[in-house]
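Participant: I am attaching a structure below and will ask some questions about it afterwards.
No value in this document is a laboratory result; all are computed from the given coordinates. Given the structure is predicted, the values throughout are model-derived calculations rather than measurements. Virtual Cβ from ideal backbone geometry, glycine too; neighbours counted across all protein chains shown.
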Amino acid sequence: MAAAVSIQGLTKTYLDVWTKTEIRAVDNLSLDVDEGEVFGFLGRNGAGKTTTIKMLLGLIFPTAGTATVLGKPIGDIEVKSQVSYLPEEAYFYEGMTGWDMLDFYARLFRVGEPERSRRIQKALEDVFLDPQAWRRPVRGYSKGMRQRIGIAQALINDPKLLFLDEPTSGLDPIAHAELREIIVNVGRQGKTVFLSSHQLPDVELTCSRVAIIHRGKLLTTGRTDDLTSGDKVEITFEGGDAGLIDKVKSVAGACEKKNGASRIPAVEPKDVNGLVDLLRGAKCTVRSVVPHRRTLEEVFVETVLKETGK
Amino acid sequence: MVTLAIAKQTLEEMLRRKILLILLIVAVAMIALGPSVGFLSPRESSAVLRSLGLAVILLAGLLITVLTGIQVIPTEIERRTIYTVLSKPVQRYEFVLGKFLGGLFTVFVMVASMGIVFLGVLRYQEGRFAPEMAQGVMMTFFQMTLLGALAIFFSTFATPVVNFFITFGLFIVGNLSSVTESLLQNKNIATRLVASAVHYAIPNFGNFNIQNKLIHPQVVIKNMNMFIMQNITYSLIYSAVLLILAIIVFDRREV
């Protein structure tokens, strides 16, 4: 599969004018994003996510390294007609109505009438923006409506590749879930989505692959399923006394009791048969024996802490 | 199409700015009340009215141009709206030109509005249309065109506050062209060098001040049309050079 985004050794440094020291916002970053995938770009605040996206869009210039977007060098004007961007904390022209704002952005893509009006209507419908708000100034929009109009402007050119920078931050749970659904729908349409987010449960649900960066450096990249899957096994059972729990803990390390059931979260494969025999011997009911999956949050925290040495 | 779309958006954005509308309202009110100050000099009430009208248009035009020129690009960067514009298939030169044209259209609307009121007041007061005053208003507009280009150029790398003082300062110095011209004859070589640098490098805003020639008939210009055309050409060429420089600087700027 062709790479929608290909980055080789991308580096961005800034000079701190006060301390005269060099700050590496992005440090020799290399990664590929395949066409048609929803790719999660993860990192702490200041990790270099937005800087990377801005370099890929030609808003700022790399100090070193190269990158291609849809097979062309960054900043290529032809490519920009097939790319969209929703910045973090996007600000809009407050006095414009939602419709007029999309009309303005559609004009930047050189879309003529009547196609322009058709696209505006479709984009507004795709993001489920209340039609009564279409002709109202953006200054009166709620945070959720602003994010919707932001995604609508990113969809106005029917892009092949979308860069979304923290699209769900600061939203209430309903707006959050709806916006996540919009992103999933965009991915289903075969578009490539480059999603930068702190909302790790969202990323886990929507992204097929992720990369974790820290202080501008790539720590890990891989399929979400591969990163979250573990070689350990989780066992849940009912019954058993305190003595049994102590025996289980001595083998598996941990055993949690909740709502009458007990859970052994991470059992080494070699210990599974022995533990099941032990439970059955103690007249316990074994409810499930399933592969243990880590959450993306656990993977993220573990990866970053390992890098920082904590 | 892209440049015009940006220009239209900029014009609409600027026309929503309350400060510009307040300036326009105050200026129009002053022009409309002009006839009432004729009593200060009954013999030359017409000259006072004309002088006041052109002065108000110049002053209001100056403030509107500077406030527009220093803001149109930095505001986009400050509010981050520039991200969604430049990430689209928009060349940076299209953005700079769009912003300049949008600002220019704003100044045009404002100066033209004041000019129409001014000519209407004159028509009412003097009982005749005064086309020569329309020339004065037009010269103010082209003077502001050049000033706007200067403000746009500095806005590509200076902060609005710094730009405000630079643009205002250069406007004042550029209006002293007769002084710098006389200093070119100075015996001191250092003075001559500084004077020539200032005289030739800084836009000659003084050239556009034809109020005296219009208000006082004793001041004679041999060929008024040629004089106006020369100044318009000067304004357009100098503005074009400033815009090219602005584009070169902005093309390398990170946003």
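Participant: Taking each residue in B:84-97, count the Cβ atoms of any other chain within 10 Å of its Cβ, then average. What number comes out? Kindly include the intermediate steps, with their values, before the conclusion.
Facilitator: On the way: counts 15, 3, 8, 15, 17, 12, 4, 2, 2, 0, 2, 1, 0, 0.
Averaged over the peptide's residues, the number is 6.
Participant: While we're here: Looking only at B:N223, B:N163, B:N209, which one moves most when chain B is put into a Gaussian network model with springs between Cα atoms under 10 Å?
Facilitator: B:N223
Participant: If the cut-off is a Cα-Cα distance under 14 Å, which aspartates and glutamates reach B:K88, setting aside same-chain residues fewer than 8 apart in sequence?
Facilitator: Of all the aspartates and glutamates, those that pass the test against B:K88 - Cα under 14 Å, at least 8 places apart if same chain - are A:D76, A:E78, A:D103, A:D158.
Participant: Hey, another quick one. Using a 10 Å cut-off around each Cβ of peptide B:1-7, what is the average number of partner chain Cβ atoms that fall inside? Don't jump to the answer; show the numbers that get you there.
Facilitator: Working: counts 6, 4, 0, 1, 8, 3, 0.
Neighbouring Cβ atoms belonging to other protein chains average 3 per residue here.
Participant: Where does helix A:242-252 land angle-wise versus the long Cα axis of chain A, in degrees 0 to 90, nearest 10?
Facilitator: Rounded to the nearest ten degrees, it is 60.
Participant: How would you classify chain A from its alpha-carbon gyration tensor, with a ≥ b ≥ c the square roots of the eigenvalues: rounded for a/c under 1.5, else prolate if a/b is greater than b/c, otherwise oblate? Mind showing how you got there, number by number?
Facilitator: Working: a/c = 2.60, a/b = 1.74, b/c = 1.49.
Judged from the Cα gyration tensor, chain A comes out prolate (a/c at least 1.5, a/b above b/c).
Participant: Using alpha-carbon positions, what is the distance between the centroids of the range A:17-38 and the range A:130-198, in Å?
Facilitator: Each part's Cα centre sits 25 Å from the other's.
Participant: Can you list the aspartates and glutamates whose alpha carbon sits under 20 Å from that of A:K249, skipping same-chain ones fewer than 8 residues off?
Facilitator: Cross-link targets: A:D231, A:E234, A:E238, A:D241, A:E268, A:D271, A:D277.
Participant: Mind running the shape call on the range B:114-220? Use the C-alpha gyration tensor, a ≥ b ≥ c as the square roots of the eigenvalues: rounded below 1.5 for a/c, prolate if a/b tops b/c, oblate otherwise.
Facilitator: Because a/c hits 1.5 or more and a/b fails to exceed b/c, the range B:114-220 counts as oblate.
Participant: Past 23 Å, Cα to Cα: identify those pairs from A:K122/A:K143; A:K122/B:K18; A:K72/A:K160; A:K257/A:K283; A:K122/A:K160, in the order given. Write down the numbers at each step before the final one.
Facilitator: Values: A:K122/A:K143 21 Å; A:K122/B:K18 34 Å; A:K72/A:K160 13 Å; A:K257/A:K283 17 Å; A:K122/A:K160 16 Å.
As for pairs spanning more than 23 Å Cα to Cα, those are A:K122/B:K18.
Participant: Arrange the following residues from fewest to most other Cβ atoms within 10 Å of their Cβ: A:D27, A:D158. Don't skip to the end; give the middle numbers.
Facilitator: Details: A:D27 19, A:D158 14.
Listed from fewest to most nearby Cβ atoms, that is A:D158, A:D27.
Participant: Quick one: what do you get for the range A:159-206 if you divide its Cα Rg by 2.2 N^0.38 Å? Walk me through the numbers on the way to the answer.
Facilitator: Values: Rg = 10.2 Å, N = 48, 2.2 N^0.38 = 9.6 Å.
Compactness ratio reported: 1.06.
Participant: Using the Karplus curve 6.51 cos²θ - 1.76 cosθ + 1.60 with θ = phi - 60°, work out ³J(HN,Hα) for each residue of the range A:46-61 in order, rounded to whole Hz, and write x for Gly and Pro.
Facilitator: x, 6, x, 5, 5, 4, 4, 4, 5, 5, 5, 9, x, 7, 10, 10
Participant: Calculate for chain A the 222 nm mean residue ellipticity that helices alone would give, adding -39,500 (n - 2.57) per DSSP H run of length 4 or more and normalising by residue count, nearest 500 deg cm²/dmol.
Facilitator: On the way: 11 runs with 113 residues, N = 310.
Per the formula, -11000 deg cm²/dmol.
Participant: Now a separate question. Under 10 Å, Cα contacts only: if you run a Gaussian network model on chain A, which one of A:A67, A:A25, A:A282 comes out with the highest mean-square fluctuation?
Facilitator: A:A282
Participant: Which of the lysines could a cross-linker bridge to A:K20, judged by Cα under 30 Å and excluding same-chain residues fewer than eight apart?
Facilitator: A:K12, A:K49, A:K54, A:K217, A:K306, A:K310
Participant: Top mean-square fluctuation among A:G230, A:G40, A:G260, Gaussian network model of chain A, C-alpha springs under 10 Å?
Facilitator: Maximum among the listed residues: A:G260.
Participant: Ratio of chain B's C-alpha Rg to 2.2 N^0.38 Å, to two decimals? Provide the component values of the computation, followed by the final result.
Facilitator: Values: Rg = 19.6 Å, N = 255, 2.2 N^0.38 = 18.1 Å.
Rounded to two decimals, the normalised Rg is 1.08.
Participant: Arrange the following residues from fewest to most other Cβ atoms within 10 Å of their Cβ: A:V276, B:V111, B:V56. Intermediate results must be reported in sequence, preceding the final value.
Facilitator: Numbers: A:V276 17, B:V111 27, B:V56 21.
Lowest count first: A:V276, B:V56, B:V111.
Participant: I'd like the distance separating the alpha-carbon centroids of the range A:100-125 and the range B:124-182, in whole Å.
Facilitator: So the separation of the two Cα centres works out to 38 Å.
Participant: Per q in 0.10, 0.11, 0.12 1/Å, what log10 I(q)/I(0) does a Debye calculation on the alpha-carbon atoms of the protein assembly as shown return?
Facilitator: For the protein assembly as shown, the Cα-only Debye profile gives -0.94, -1.05, -1.15.
Participant: Per residue, how big is the convex hull of the range A:229-297 when only Cα atoms are used? Give it in Å³.
Facilitator: Working: hull volume 5.7 nm³, N = 69.
Per-residue hull volume (Cα only) is 82 Å³.
Participant: Sticking with this one: Taking θ as phi - 60°, what are the ³J(HN,Hα) couplings along the range B:134-148 by the Karplus curve (6.51, -1.76, 1.60), each to the nearest whole Hz, with x for Gly and Pro?
Facilitator: These are the phi-based 3J(HN,Hα) values: 4, 4, x, 5, 4, 5, 4, 4, 6, 5, 6, 4, 5, 5, x Hz.
Participant: Same structure again: Tell me whether the range A:149-305 comes out rounded, prolate or oblate; compute the Cα gyration tensor, take square roots of the eigenvalues as a ≥ b ≥ c, and use a/c under 1.5 as the rounded threshold.
Facilitator: On the way: a/c = 3.12, a/b = 2.46, b/c = 1.27.
Prolate shape, in that a/c is at least 1.5 and a/b is the bigger ratio.
Participant: Mind checking the mean number of beta-carbon atoms from other chains within 10 Å of the Cβ atoms in A:147-157? Intermediate results must be reported in sequence, preceding the final value.
Facilitator: Details: counts 0, 0, 0, 1, 0, 0, 2, 3, 0, 1, 2.
Average per residue, whole number: 1.
Participant: Hey, another quick one. Would you give the gap between the C-alpha center of the range A:39-61 and the C-alpha center of the range B:47-71, rounded to a whole Å?
Facilitator: The range A:39-61 and the range B:47-71 have Cα centres spaced 45 Å from each other.
Participant: If you don't mind, there's one more thing I want to ask. Could you please rank A:M101, B:M229, A:M96, placing first whichever residue has the fewest other Cβ atoms within 10 Å of its Cβ? Walk me through the intermediate numbers first.
Facilitator: Working: A:M101 25, B:M229 11, A:M96 20.
Fewest-to-most Cβ neighbours within 10 Å comes out as B:M229, A:M96, A:M101.
Participant: Something else: Please state the equivalent ellipsoid semi-axes for the range B:1-91: what are the square roots of 5 times the Cα gyration tensor eigenvalues, largest first, in whole Å?
Facilitator: Values: eigenvalues 315, 25, 19 Å².
Largest first, the range B:1-91 gives 40, 11, 10 Å.
Participant: Additional query: Which far-off residues, 5 or more places away or on another chain, put their amide H under 5 Å from the one on A:H214, with H placed in the peptide plane?
Facilitator: Under 5 Å from the amide H of A:H214: A:L219.
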